[in-house]
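The structure under discussion appears below in the form of structure tokens.
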Amino acid sequence: MRFLLTDEQRDFARALDGMLGASGTPAVVRAWAAGEHKPGRALWARLAEAGVFGLAVPERHGGAGLLPVELALSFTELGRHAVPGPLVETVAAAAFLERLGSDSLAGEWLPRIAAGEAVLSLCAGAGPYALDADAADAVLVVRGDTVCRTDTHGPVQTTLDPARRVARPLGGTVVARGPAVTAAAAHAIEVARLATAAQSLGLGRALLAATVSYVKQRTQFRVPIGSFQAVKHRLADTLIALEFAQPLVHAAALAVAAGAPSAGREVAAAKVAAGEAGHGAARTALQLHGALGYTEELDLSLWIRKARPLRDAWGSPADCRARVLTG
Amino acid sequence: MDLEFTAADEEFRAEARAWLAGHVPATPLPSLETAEGFAAHREWEHWLAADRWSVVSWPEEYGGRGASLLQWLVFEEEYYAAGAPGRVSQNGIRLLAPTLFEHGTEEQRARVLGPMARGEVIWAQAWSEPESGSDLASLRSAAVRTDGGWLLSGQKTWSSRAAFADRAFGLFRSDPDATRPHQGLTYLMFPLDAPGVTVRPIGRLDGKPAFAELFLDEVFVPDAEVIGEPGQGWRIAMSTAGKERGLTLRSPGRFTAAAERLTALWREAPEGAGPALGDRVADAWIGARAYQLFTYAHASRIVAGDAGGLGAESSLNKVFWSELDIALHETALDLLGPYGMLADDADEAPAHGSWAEGYTFSLAGPIYAGTNEIQRDIIAERLLGLPKGRR
Ligand SMILES: Cc1cc2nc3c(=O)[nH]c(=O)nc-3n(C[C@H](O)[C@H](O)[C@H](O)COP(=O)(O)OP(=O)(O)OC[C@H]3O[C@@H](n4cnc5c(N)ncnc54)[C@H](O)[C@@H]3O)c2cc1C
């Protein structure tokens, strides 16, 4: 197992971080929450240009191949910058279509996904809703061993994270059926869990960093609140949770890359640890910002509200813990 | 730098596994915190050393195999997975030896390391004092210059296994006029049977008698027992402390082995246990895996020459492994129900009471090697850059 990143991988993540940092993501998130998808789609195109979606698309369809380590690195950055949209769903749909063994479906969608022209939502396993069905070019719905494609959906439901809008997919036409669907869906769920775990990790890192700089500057009782031990210890615990979730995410990506039989368990473990660490970081951020943390105007609220839905998406902690115990 | 397991690593693993399979005692040894167990463990250390498994990472001239950091981790994994005995020599091999490799003289290494590796001389750590625990730099035991050496006086306490150990290493105030408490400290080794030393055993929470306090009354030690320069003791001690909190004291093998045993225990009665316990078993497994991977990543960085190596990051390890250890054992006791409480010497104790014994011992984890409160301060100040507060 390779535990360290290569220089290329590190540079890739750094470049993505720089690009997203300069993209004014808070405004994009607020627009997305209001149902205005234009700035989000523009950012989506830039992500595609940076190669993010190609990481889930094989070379013969215009991508770079399924590269789980790079995928995890980029989703850490997407989480760090709170980028909205069905990002996980699109790469999971790509992984699904790639595995399905249908050349026509793969040929229709994968090049467009890699190029950032197609935004897909995927509904497989967890719950009745498709994320951002109204923003997606198509929704794929897996039920048992069939998969349907649909463009229609019920009314949009807002969630605890206003930028996370869901809807029930309606109708649709069956595009594939059989055991290949089940197998491809299992693989897609693994990729979705991995990407979600990485997103939680990045989200948590951003929340911790923002909170550390806040507590250094906010003064109460004539000293920075960051000098109080109760504050310090809470932040130390937040760092510990993130630091120990990180290698789990990395190892899960390696296991998926290797197609290891242990991948399902490794991914589930990473999802639990990163989801809880990200959620814990949000709780810490809220608490240590005091009432300021409880305000919508503060950009940090965009990060805080993502943490819980991400922790629960694509397999709740309970589901993932059960998966860990299966071995 | 790539840290994949090489063919040589795998061969090393296989050799260690085979040796352990042939040598680990079928019945666990009595606790090393008792006189009887101490003697039995000394003998085990002797067998380990005879086949050069006692200190695999040391150079061959001192009885090691010159194993890499990664191979050392592999060995530890195999060691604990095989259910091999805890190391009675641990204070020596894991704290004093690294300190001697870094700061000792050639003469000291030649004299001290061999007998340590063979379990002939067992070492105790004499740092804490009745008035100096977390605030270790406030220690008062003195080293006073005399002809050809030093006279040690004062009181040390909470010294693990000092009731049965042969020698001790500790910090002494050699310059009472130094302006800051961290200055003027000297790191010294001394025999526990020297004239002027009184050892008083203290029973521990687990009923084991191996803890001790040491009373020192003008105990003479020659200059050759000073580690590093006189007056530089604090700096040297802190490098030891980093090792204690970090990799060397608690290698991941301990926890991954315990997590596998816990998962096996849960599989025996998953329905009886209920989903809430299942979640805790899963979390313990995830924690042990996270600790293992974190350690491997860390080791990879050290091998790749990242000078950032350990340092304050060892505090992350310390808090994590100590809390993980408690969670692992508490979950096991809950799974065992009424049998979980049976002490290791009770006939009906499951798996020779190792869960109950391990549980009580795990409770000390957040206290020794620097309390977790102190570690969280270090994390906050040194890793997150938060301002120092009042101590
Ligand atoms: C099983 C075991 C084995 C040990 N073995 C050895 C050994 O071999 N050799 C040796 O030298 N010592 C040994 N020790 C002693 C150990 O190192 C000390 O117990 C430890 O450093 C804490 O010191 P203390 O017990 O004096 O507690 P104190 O320092 O008095 O602390 C008491 C409580 O106050 C808290 N506290 C103190 N200061 C602060 C602060 N600034 N901020 C927040 N909280 C604070 C502590 O965290 C702790 O919870 C051992 C201890 C145990 C339990």
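Within the range B:116-129, is even one residue of a type in the set (D, E, K, R), closer than 30 Å to B:ARG180 by Cα and within 16 Å of the ligand (Cβ to nearest atom)? Give the steps one after another, and end with the answer.
Start the filter on the range B:116-129 by keeping residues that are of a type in the set (D, E, K, R), which leaves B:118, B:120, B:129.
So of that shortlist, the ones also closer than 30 Å to B:ARG180 by Cα come out as B:129.
Imposing the further condition that a residue be within 16 Å of the ligand (Cβ to nearest atom) reduces the set to B:129.
The answer is yes; a qualifying residue exists.
For B:ALA178, only one of the following conditions fails: (1) within 16 Å of the ligand (Cβ to nearest atom); (2) in contact (Cβ under 8 Å) with a residue 40 or more places away in the chain; (3) surrounded by fewer than 19 Cβ atoms within 10 Å (Cβ to Cβ); (4) farther than 30 Å from B:PRO25 by Cβ. What is its number?
So B:ALA178 meets the others, but not (1).
Within the group A:THR6, A:THR25, which residue is within 30 Å of B:GLU10 (Cβ to Cβ) and either at pLDDT 95 or above or of a type in the set (Val, Ile, Thr) (or both)? Steps first, answer last, please.
Values: A:THR25 fails: within 30 Å of B:GLU10 (Cβ to Cβ).
It is A:THR6.
In the set B:TRP58, B:TRP47, which member is of a type in the set (Phe, Trp, Tyr) and either under 17 Å from B:VAL112 (Cα atoms) or in a loop (DSSP other than H, G, I, E, B) (or both)? I'd like the intermediate steps shown before the answer.
Values: B:TRP47 fails: either under 17 Å from B:VAL112 (Cα atoms) or in a loop (DSSP other than H, G, I, E, B) (or both).
Result: B:TRP58 is the single residue among B:TRP58, B:TRP47 that is of a type in the set (Phe, Trp, Tyr) and either under 17 Å from B:VAL112 (Cα atoms) or in a loop (DSSP other than H, G, I, E, B) (or both).
From the list B:ALA290, B:ALA284, B:ALA299, which residue is within 14 Å of chain A (Cβ to nearest Cβ) and modelled with pLDDT under 85?
Numbers: B:ALA290 fails: modelled with pLDDT under 85; B:ALA284 fails: modelled with pLDDT under 85.
After applying the criteria, what remains is B:ALA299.
The conditions are (1) surrounded by fewer than 19 Cβ atoms within 10 Å (Cβ to Cβ); (2) at negative phi, and B:GLY274 fails exactly one of them. Which is it?
Single failed check for B:GLY274: (2).
What are the residues in the range B:361-382 that are open to solvent by 40 Å² or more (accessible area, probe 1.4 Å) and over 14 Å from A:ARG234 (Cβ atoms), if any? I'd like the intermediate steps shown before the answer.
Keep residues of the range B:361-382 that are open to solvent by 40 Å² or more (accessible area, probe 1.4 Å), which gives B:361, B:363, B:367-368, B:373-374, B:382.
Of everything in the range B:361-382, those that are open to solvent by 40 Å² or more (accessible area, probe 1.4 Å) and over 14 Å from A:ARG234 (Cβ atoms) turn out to be B:PHE361, B:LEU363, B:ILE367, B:TYR368, B:ILE374, B:ARG382.
Give the residue, chosen from B:PHE211, B:PHE215, that is in contact with a strand residue (DSSP E or B) (Cβ under 6 Å, 6 or more places away or on another chain) and open to solvent by less than 50 Å² (accessible area, probe 1.4 Å).
Working: B:PHE215 fails: open to solvent by less than 50 Å² (accessible area, probe 1.4 Å).
Checking each option against the conditions leaves just B:PHE211.
Give me a count of the residues in the range A:128-167 that are of a type in the set (Lys, Arg) and over 24 Å from A:VAL28 (Cα atoms).
Of the range A:128-167, the ones of a type in the set (Lys, Arg) are A:143, A:149, A:164-165.
Next, from what is left, pick out any that are over 24 Å from A:VAL28 (Cα atoms): A:143, A:149.
Residues in the range A:128-167 being of a type in the set (Lys, Arg) and over 24 Å from A:VAL28 (Cα atoms): 2 in total.
Listed here are the residues, each with its yes/no results for (1) surrounded by fewer than 16 Cβ atoms within 10 Å (Cβ to Cβ); (2) in contact with a Leu (Cβ under 8 Å, 6 or more places away or on another chain); (3) at negative phi; (4) of a type in the set (A, V, I, L, M).
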residue: B:THR34; (1), (2), (3), (4): no, no, yes, no
residue: B:ALA39; (1), (2), (3), (4): yes, no, yes, yes
residue: B:LEU48; (1), (2), (3), (4): no, no, yes, yes
residue: B:TYR79; (1), (2), (3), (4): no, yes, yes, no
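For the range B:85-99, what are the residues that are crowded, with 22+ Cβ neighbours inside 10 Å and more than 15 Å from the ligand (Cβ to nearest atom)?
B:ALA97
Sort through B:LEU136, B:LEU171 and tell me the only one that's surrounded by fewer than 22 Cβ atoms within 10 Å (Cβ to Cβ), within 12 Å of the ligand (Cβ to nearest atom) and closer than 16 Å to B:ARG235 by Cβ. Explain how you work it out, then say what you get.
Details: B:LEU171 fails: surrounded by fewer than 22 Cβ atoms within 10 Å (Cβ to Cβ).
Within the list B:LEU136, B:LEU171, the selection yields B:LEU136.
Only one of B:LEU383, B:LEU335, B:LEU342 is within 14 Å of chain A (Cβ to nearest Cβ) and more than 24 Å from the chain's Cα centre (by Cα); which?
Details: B:LEU383 fails: more than 24 Å from the chain's Cα centre (by Cα); B:LEU342 fails: within 14 Å of chain A (Cβ to nearest Cβ).
After ruling out the rest, the residue left standing is B:LEU335.
Could you grab me the full set of residues in the range B:147-168 that are away from the ligand (no atom under 16 Å from the Cβ) and out of contact with any Leu (no Cβ under 8 Å at 6 or more places or on another chain)? Steps first, please.
Applying the first criterion (away from the ligand (no atom under 16 Å from the Cβ)) to the range B:147-168 yields B:147-151, B:153.
Within the range B:147-168, B:ASP147, B:GLY148, B:GLY149, B:LEU151 meet the criteria.
Being over 21 Å from A:PHE75 (Cα atoms) and open to solvent by less than 50 Å² (accessible area, probe 1.4 Å) is true for just one of A:ALA206, A:ALA167. Which residue is that? Show your work before the answer.
Numbers: A:ALA206 fails: over 21 Å from A:PHE75 (Cα atoms).
Only one candidate passes the filter, namely A:ALA167.
Does the range A:69-85 contain any residue that is over 27 Å from A:ALA209 (Cα atoms) and small (Gly, Ala, Ser)? It would help to see each step written out before you state the result.
Taking the range A:69-85 as the starting set, the residues that turn out to be over 27 Å from A:ALA209 (Cα atoms) are none.
The answer is no; no qualifying residue exists.
Go through the range A:217-327 and tell me which helices (runs of 4 or more DSSP H), entirely inside it, have 3 or more residues that are of a type outside the set (S, T, N, Q), open to solvent by 10 Å² or more (accessible area, probe 1.4 Å) and within 11 Å of chain B (Cβ to nearest Cβ).
On the way: elements: A:229-258, A:263-289, A:300-312, A:317-326.
Result: A:229-258, A:263-289, A:317-326.
Could you please tell me which pairs satisfy a Cβ distance under 7 Å, a separation of 6+ or placement on different chains, a first residue in the range B:353-370 that is within 14 Å of chain A (Cβ to nearest Cβ), and a second residue that is near the ligand (Cβ under 10 Å from one of its atoms) and at pLDDT 95 or above?
B:PRO366/B:ASN372
Would it be correct to say that B:PRO201 is touching a helix residue (DSSP H, G or I) at 6+ places or on another chain (Cβ under 8 Å), within 14 Å of the ligand (Cβ to nearest atom) and either farther than 14 Å from B:GLY154 by Cα or small (Gly, Ala, Ser) (or both)? Before you say what the answer is, go through the steps one by one.
On the way: touching a helix residue (DSSP H, G or I) at 6+ places or on another chain (Cβ under 8 Å): no; within 14 Å of the ligand (Cβ to nearest atom): yes; either farther than 14 Å from B:GLY154 by Cα or small (Gly, Ala, Ser) (or both): yes.
No; evaluated as a whole, the condition is false for this residue.
The values are calculated or read from the model by the stated rules, or taken from the named source; none is laboratory data. Predicted, not measured: the structure shown is a model, and the values here were computed from it. Ideal geometry is used to build each Cβ from the backbone, glycine not excepted, and the neighbour counts take in all protein chains shown. Surface accessibility is based on the protein's heavy atoms, side chains included, excluding ligands, DNA and RNA. Shrake-Rupley method; radii C 1.70, N 1.55, O 1.52, S 1.80 Å.
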